[in-house]
Amino acid sequence: MSNQNNLKDNVIKDFGDEWSEFDQSSLKLKELNEIFNQYFHIFPISELDKSKVGFDFGCGSGRWAKLVADKVHTLNCIDPSLSAIKVSKKNLSNYKNIKYFNSGISDTKIDSNSQDFGYCLGVLHHTNEINDGISFFKRILKKNSPFLIYLYYNFENRNFLYKSIWKMTNIIRLLVSKFPFKLKKFITDILALFLYYPLARFSLILNLFGLNTKIIPLSFYKDKSFYTMRTDSLDRFGTKLERRFSKKEIKEMLISNGFKDVKFSETAPFWVAVCRKS
C-alpha cells in the first residue's frame, strides 16, 4: 500500500474515532442551530422542499443532516468512515428519508445528474482529492443546483502576528496528530481548556463592552460551549493532513470543475462558499 493510501486510511480512522468520541449528542439544539446558520446562511435554504433529493458528503456525526433532512424528500449521507456512519445512523434514527453510503469520492454509487443540492463542509481540506471531490459533486448534481462547501482558509485576511501564531500551533498539530487516539484526545482537551476557552471567553467579555474581537485567535468560539471547543480542538490538532486555500484558489477550483455563481461568506468560519452547477 502506498504512503498516500496509508495517510488517507489514517485520516479516515482519525475522524471515525473523533465522531465516536464526540457524537454531538451532548450539543444543545440552540447551539447546533447557531453553528448551522454560520455555515448555511448563504445557502438558498428556501429552495429546499419535500420534492428535493440531495447529499451530505462527509456527514460525520450527522449534525448538519439533523437540520436538513426534515426539509427534503431524501438526503444521502456519505462518509468513508464506517464508525462515522454508525454514529450518524444512531443520531438520525428518527429520520426515515436518509440513505447512508459508507464510501468515498471514487466509490460512491449515486447517479449522475440526480441531486438537487449538496454540501461538503470541512472535509476536502483533509484530503489530497480536492479536485476529484469537486468534480464528483458536479457530476451527481443537476444543472443549476446549489452546492455549499467549506475549506480551511490560508489566513489571507489576517495580519502577520495572526499568521505567525498559526504557524506555531501547526507545529503542535504535526506532533499531536502522530499520537495514539487516547493520548491525542487528552492533549487536545488540554488545549481546549488552556487555549480555546480563555481566548474565547476573553473575546466574549470584550464583545460585551462593544469591542471588535475579529483579530483575536479563536474568537469564533466566544459563544460556543466547551464541548464544541473540545470537538474542534481534536478536529484541528488531531488530523494528520490539513490543506489551506485562498478565496481565489477556491473560486478557481470550483469554476474549473464546472461550477458558477461562486459567492463567499464574509464572516467566520472562512472560507464558506456557495455556487451552482453550470
Cβ-Cβ under 9 Å pairs, at least 6 apart or on other chains, the stretch 82-93 side assigned by TED's automatic domain parsing to the domain that holds residue 67, far side in a helix (DSSP H, G or I) and among the hydroxyl-bearing types (Ser, Thr, Tyr): 83/20; 84/20; 86/20; 87/20
Residue ID - nearest to the chain's Cα centre (by Cα), chosen from residues in the stretch 71-95 that are under 25 Å from residue 44 (Cβ atoms) and assigned to a loop (DSSP other than H, G, I, E, B): 79
Single residue of 36, 43 found to be of a type in the set (Phe, Trp, Tyr), in the same structural domain as residue 92 (by TED's automatic domain parsing) and outside any helix (DSSP H, G or I): 43
Residue in the stretch 183-240 that is nearest to residue 8 (Cα to Cα), counting only those that are charged (D, E, K, R) and in contact with a Ser or Thr (Cβ under 6 Å, 6 or more places away or on another chain): 240
Among (1) farther than 18 Å from residue 277 by Cα; (2) of a type in the set (S, T, N, Q); (3) touching a Gly at 6+ places or on another chain (Cβ under 8 Å), the one test that residue 145 misses: (1)
Residues satisfying the stated conditions in the stretch 246-272, i.e. among the hydrophobic types (A, V, I, L, M, F, W, C) and surrounded by fewer than 20 Cβ atoms within 10 Å (Cβ to Cβ): 255, 262, 264, 268
First in the stretch 7-21 and without any contact (Cβ under 8 Å) to a residue 60 or more places away in the chain, second anywhere and surrounded by fewer than 16 Cβ atoms within 10 Å (Cβ to Cβ), Cβ under 7 Å, 6 or more apart: none
In the stretch 193-218, the residues that are part of a loop (DSSP other than H, G, I, E, B) and charged (D, E, K, R): 214
Selection from the stretch 3-33 of residues that are in a loop (DSSP other than H, G, I, E, B) and either outside the structural domain of residue 127 (by TED's automatic domain parsing) or in contact with a Phe, Trp or Tyr (Cβ under 7 Å, 6 or more places away or on another chain) (or both): 26, 27
Any hit, the stretch 157-174, residues being under 28 Å from residue 103 (Cβ atoms), in contact (Cβ under 8 Å) with a residue 12 or more places away in the chain and either of a type outside the set (Phe, Trp, Tyr) or crowded, with 21+ Cβ neighbours inside 10 Å (or both): yes
All positions within the stretch 131-164 that are among the β-branched types (Val, Ile, Thr) and either outside the structural domain of residue 54 (by TED's automatic domain parsing) or modelled with pLDDT under 95 (or both): none
Set 118, 122, 133: member being in contact (Cβ under 8 Å) with a residue 60 or more places away in the chain and under 15 Å from residue 253 (Cβ atoms): 133
Matching option when the condition is farther than 30 Å from residue 184 by Cα, part of a strand (DSSP E or B), in contact with a strand residue (DSSP E or B) (Cβ under 7 Å, 6 or more places away or on another chain) and without any contact (Cβ under 8 Å) to a residue 60 or more places away in the chain, among 251, 260: 260
Any chance residue 116 is within 24 Å of residue 272 (Cβ to Cβ), buried (at least 20 other Cβ atoms within 10 Å of the Cβ), charged (D, E, K, R) and within 22 Å of the chain's Cα centre (by Cα): yes
Condition check for residue 55: buried (at least 17 other Cβ atoms within 10 Å of the Cβ), modelled with pLDDT of 95 or more, part of a strand (DSSP E or B) and at negative phi: yes
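The values are calculated or read from the model by the stated rules, or taken from the named source; none is laboratory data. Keep in mind that what you see is a predicted model, and the values were worked out from it rather than measured. So basically every Cβ, Gly included, is an ideal-geometry build from the backbone, and we count neighbours across all protein chains shown.
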